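Undergrad: The following block contains the structure, expressed as structure tokens.
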Amino acid sequence: MAKLVKIAKVKDIQPGQAAAYKVEGKRIALYNVEGTFYATADTCTHWAAPLAEGKIRGTEIVCPWHGGAFDLKTGNATCGPAIKPVACFRVVVEGEDVQVELQD
């Protein structure tokens, strides 16, 4: 069963920025792309780099270590050396709260 968990406030992450949070034992990267929020696991599937430290390019996150990229909407790898997708989480903005959906 899925549940929504508050992760941040809208004002915490400016457009074009990302931040990492530990939520219920998971490291989740939260991204603000022109006012739309996306969330993925904070760990690159290539070599475990912290994705929140990468560069946002459109709706992709570019890994800070080896330049692999992932689509923030689907988690699919869009540029090697990453091949495996990164986990994505549904984001819900309710008022000023940013929430992610986690599976129980």
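The values are calculated or read from the model by the stated rules, or taken from the named source; none is laboratory data. Predicted model, so just to flag it, every value in this text is computed and none were measured. Note: ideal-geometry Cβ built from the backbone for every residue, glycine included; neighbour counts use all protein chains shown.
Undergrad: Filter the range 82-104 down to residues that are within 19 Å of Gly58 (Cα to Cα) and at pLDDT 95 or above, then give me how many there are. Can you show your working first?
TA: Initial filter on the range 82-104 (within 19 Å of Gly58 (Cα to Cα)): 82, 85-91.
Then drop every residue that is not at pLDDT 95 or above, which leaves 85-91.
Here the count works out to 7.
Undergrad: If I go through the range 6-61 residue by residue, how many of them are surrounded by 18 or more Cβ atoms within 10 Å (Cβ to Cβ), out of contact with any helix residue (DSSP H, G or I) (no Cβ under 8 Å at 6 or more places or on another chain) and part of a loop (DSSP other than H, G, I, E, B)?
TA: 5
Undergrad: Another question about this same structure. Provide a single number: the residues in the range 62-91 that are in a loop (DSSP other than H, G, I, E, B), over 18 Å from Arg27 (Cα atoms) and hydrophobic (A, V, I, L, M, F, W, C).
TA: Result for the range 62-91: 2.
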